[in-house]
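**Student:** Just passing along the structure, written as structure tokens.
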Amino acid sequence: MDLAWRVFSEYESPDYSDEGTEEFRRCLHDEEYLYGIDYIGVFYDQKLIGLIGIRTGLEHICFFFVDGQYHRKGVGTKMFDYLLENYKGNNITVNSSPYGLGFYKKLGFVPTEEEKTINGIRFTPMIYERKSNGSDL
């Protein structure tokens, strides 16, 4: 969760109110919230540089962070591709921060609603619908 907090603080927190920043920090330490999330991590020289957390029962991405030093180098895209290869669900949802909106659209997510703010957290609900390729996923 250190990586998530560092990346959030640098890139996303400026778009949030103090209430939203505190709510995110609280989630990172809430064992009940964190329970049931599966994680995919990318390491470089034994350092965690990327993280996806997906709540598989709900097919929902809760965390998706890449160390700022590795932004725009394909790390996030490769993590998502790995998730698609190893995840058997048809649709994946995410609540995108304003900072991540363009990235998620590039991956193929589409907004399902307008931006919302709940407990100070700004987000746009989005969905990725897997294209059927005839195989039994």
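The values are calculated or read from the model by the stated rules, or taken from the named source; none is laboratory data. Only a predicted model underlies this, so the values are computations on that prediction, with no experimental measurement involved. In this analysis, Cβ positions are derived from the backbone assuming ideal geometry, glycine residues included, and neighbour counts consider all displayed protein chains.
**Student:** Inspect the range 94-114 for any residue being crowded, with 18+ Cβ neighbours inside 10 Å, touching a Leu at 6+ places or on another chain (Cβ under 6 Å) and in a helix (DSSP H, G or I) and give the result as yes or no.
**Tutor:** The answer is no; no qualifying residue exists.
**Student:** Now for a different question. Only residues that are over 19 Å from S9 (Cα atoms) and either at pLDDT 95 or above or of a type outside the set (G, A, S) (or both): list them for the range 48-60, please. Lay out the reasoning, then the answer.
**Tutor:** Taking the range 48-60 as the starting set, the residues that turn out to be over 19 Å from S9 (Cα atoms) are 54-60.
Selection gives I54, R55, T56, L58, E59, H60.
**Student:** Take T56 and decide whether it is touching a residue at least 24 places away in the same chain (Cβ under 8 Å) and closer than 22 Å to I127 by Cα. Give the derivation first.
**Tutor:** Numbers: touching a residue at least 24 places away in the same chain (Cβ under 8 Å): yes; closer than 22 Å to I127 by Cα: yes.
When the stated conditions are applied, T56 passes them.
**Student:** Output the residue which, of all residues in the range 49-63 that are surrounded by 14 or more Cβ atoms within 10 Å (Cβ to Cβ) and of a type in the set (A, V, I, L, M, F, W, C), is farthest from the chain's Cα centre (by Cα). Give the steps one after another, and end with the answer.
**Tutor:** Of all residues in the range 49-63, those surrounded by 14 or more Cβ atoms within 10 Å (Cβ to Cβ) come to 49-55, 59-63.
With of a type in the set (A, V, I, L, M, F, W, C) added as a condition, the list becomes 49, 51-52, 54, 61-63.
On the way: I49: 14, L51: 8, I52: 6, I54: 8, I61: 5, C62: 5, F63: 4 Å.
Here the answer is I49.
**Student:** So, in the range 1-22, how many residues would count as being surrounded by fewer than 16 Cβ atoms within 10 Å (Cβ to Cβ) and over 21 Å from H71 (Cα atoms)?
**Tutor:** The qualifying residues number 4.
**Student:** So, of the residues in the range 77-115 that are in contact with a Lys or Arg (Cβ under 7 Å, 6 or more places away or on another chain) and closer than 23 Å to E12 by Cα, which turns out to be modelled with the highest pLDDT?
**Tutor:** Among those that are in contact with a Lys or Arg (Cβ under 7 Å, 6 or more places away or on another chain) and closer than 23 Å to E12 by Cα, it is E115.
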